[in-house]
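The values are calculated or read from the model by the stated rules, or taken from the named source; none is laboratory data. Treat the numbers as computed from the prediction; the structure is a model and nothing was measured. Don't worry about glycine lacking a Cβ; one is built from the backbone with ideal geometry, like all the others, and counts go over all protein chains shown. We work out accessible area using only protein heavy atoms, side chains counted, and drop any ligands, DNA or RNA first. Shrake-Rupley method; radii C 1.70, N 1.55, O 1.52, S 1.80 Å.
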Amino acid sequence: MLRKTIKGLRWWMIILIMLGAVINYLTRSSLAVAAPTVLADLDISTKEYSYITAAFQGAIMLQPLCGYVLDVIGLKAGFAIFAAAWSVICMLHGMATNWQTLAVLRGLLGLAEGSANPAGMKAVSEWFPAKERGMAGGVFNIGASFGSMLAPPLVVWAILHYNWQSAFVITGALGLVWVALWLLLYDAPARHRRLSAAEAQHIAAGQERHLEGDGARPSILSILKLRNFWGIALPRFLADPAWGTLAFWVPLYLTTVRNFDLKQIAMFAWLPFLAADLGCLFGPLVVLFLQKRGVRLINARRGAFTLGACMMMGVAFVGYVESPYTAIALLSLAGFAHQTLSVTVITMSSDLFRRNEVATVAGMCGTFGNLGLLIFSLLIGGLMASVGYTPFFVSLAVLDLVAAVLLWCLVREPEPPQPVLAKTHDPEPHPARLQPGPVHPAGGR
């Protein structure tokens, strides 16, 4: 069934951008895996490490800027510029000699890497009809978990065979290779020479007419006034700390609390991200399952998010189990559950907003997600020594349940704009007098 569904040039394009997300998350996860070695070599404390991660999260909150650039100059050129920048910055990590230098580099890396999610959602909105966007978003989001999964074995291999500096050079160089492939193979549907007329018609026929862009530049202030924006931004704020915990803090947790050495981290730290890969596909499949039973698209996405939030309750027990392998299993469940809910809420930006707004909205929602991650990461760095990790694992489960409640309460499924009758004394209105009302599809005027 999946093989029958995933065919056509559009799927090759989403696989290409998914590979970019793999590199994006590989480079951002490299420091977390190398952290035990880097912190010891450069004499960096846990609190200083939290400042380093905070610099990344603070800068990646500028995702709206990345999304705006992508909406204005185009996906192909814009994403190539950002990807080349983060690749070079990653390679420069190997030259760091103290935590301050690392913090500056992580900030620059966060600024460039904030382009990935807006780019992915813009590609999904341009290349896919509505009924396929959930699966396309799932394929794209596999890149996040696969890149994070690839980091432990690759970075540990580089450290054991060379040094920690080489790990950043290798991962950054892979990014430059991908940029060359992107420039060679990608283009928008309207300009792609290999897109058949039949597939172009398939894509166009499945696009919601009320979400077509009018060519104008997106207005951030008008987006902030829309109820549906807050309906997906606030759940991102509450849910995204789970991913940041898995990506940035689990290797240190396994080292300091579960007494794992570097080889054990290479063997086990990638498992939550393998489970997350499966969650990327499970979420869209839940949506399709519900839609086939008569559930409307937005409600189906909310249902998948809620299921993921319920499964996230397992992470609350990580600090209470004695076996480190049971802890790894619960963290893997958390990775699966988080991506089940995350891919659904991220994709909703393409369901609720116009084509010329999707990258900007995705970036703005990403800002809220990374703000939540930033606050959570600083709390871990400041309180971990006194309270341990357990309260933070419990809070992740609670935050996702609250996020599900907000998603149901705030988001409204958009309706196509209804025609408004011009004032007339005719008993039957003339077709020429029908004018569309100025209603934004995401709610509000």
Each residue of region 397-410 in turn: what ³J(HN,Hα) in whole Hz from Karplus with 6.51, -1.76, 1.60 and θ = phi - 60°, glycine and Pro shown as x?
5, 5, 4, 5, 5, 5, 4, 5, 4, 5, 4, 6, 7, 9
Sites SER386 and ASN163, calculated FRET efficiency, Cβ-Cβ separation with R0 25 Å, nearest 0.05:
0.15
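Could you compute the net charge surrounding CYS409? Neighbours are other residues with a C-beta less than 11 Å from the C-beta of CYS409; K and R count +1, D and E count -1. Spell out each step's value before the answer.
On the way: positive: ARG227, ARG302, ARG412; negative: none.
My count for the surroundings of CYS409 gives +3.
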Could you go through region 257-268 in sequence order and give the Karplus-derived ³J(HN,Hα) for each residue, using 6.51 cos²θ - 1.76 cosθ + 1.60 with θ = phi - 60°, rounded to whole Hz, and x for Gly and Pro?
9, 9, 6, 7, 8, 4, 5, 5, 4, 4, 7, 10
MET267 versus ARG293: modelled label distance in nm, points set 7 Å from Cα along the beta carbon direction
4.1 nm
Keeping all protein chains in place, calculate the accessible area per residue for the chain (probe 1.4 angstrom), answer in Å².
41 Å²
Taking the Cα atoms of region 230-309, report the difference between the largest and smallest coordinate on each principal axis, in whole Å and largest first.
51, 26, 12
Order by protection proxy (mean Cβ within 10 Å, highest first), peptides 403-410, 334-341, 264-271:
334-341, 264-271, 403-410
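Are there trypsin sites (Lys or Arg not before Pro) in region 91-191 that DSSP puts in a loop and that have at most 14 other Cβ atoms within 10 Å, and which ones?
ARG191
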I need the phi-derived Karplus couplings for region 11-22: 6.51 cos²θ - 1.76 cosθ + 1.60, θ = phi - 60°, integer Hz, Gly and Pro marked x.
6, 5, 5, 6, 5, 4, 6, 5, 5, x, 5, 4
Using alpha-carbon pairs under 8 Å, 6+ residues apart, how would you state the relative contact order of region 29-140 in percent?
35 percent
Between the alpha-carbon centers of region 122-159 and region 317-351, tell me the distance in whole angstrom.
16 Å
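Can you pick out the pairs among LYS47/LYS122; LYS122/LYS225; LYS76/LYS263; LYS47/LYS263 whose Cα atoms lie more than 30 Å from each other? List each step's numbers first, then the result.
On the way: LYS47/LYS122 37 Å; LYS122/LYS225 21 Å; LYS76/LYS263 39 Å; LYS47/LYS263 25 Å.
Those over the limit are LYS47/LYS122; LYS76/LYS263.
Starting from the Kirkwood Rh over alpha-carbon pairs, what translational D in µm² s⁻¹ does region 72-111 have by Stokes-Einstein at 10 °C and 1.306 mPa s?
Working: Rh = 10.9 Å.
Rounded to a whole number, D works out at 145 µm²/s.
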Shape metrics for region 99-257, restricted to C-alpha atoms - Rg then Dmax, Å:
19.8, 58
Quick one: accessible surface of ILE81, probe radius 1.4 Å, all protein chains present, in square angstrom to the nearest 10.
110 Å²
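Test of the criteria: in region 233-327, which trypsin sites (Lys or Arg not before Pro) are in a DSSP loop and have at most 15 other Cβ atoms within 10 angstrom of their Cβ?
Values: sites: ARG236, ARG258, LYS263, LYS292, ARG293, ARG296, ARG301, ARG302; in loops: ARG258, ARG293, ARG296.
Counting only loop positions with at most 15 other Cβ atoms within 10 Å, the trypsin sites (Lys or Arg not before Pro) in region 233-327 are ARG293, ARG296.
Using r as the Cβ-Cβ distance of ALA40 and ILE375, and R0 as 30 Å, what FRET efficiency do you calculate, to the nearest 0.05? List each step's numbers first, then the result.
On the way: r = 27 Å, r/R0 = 0.91.
It comes out at approximately 0.65.
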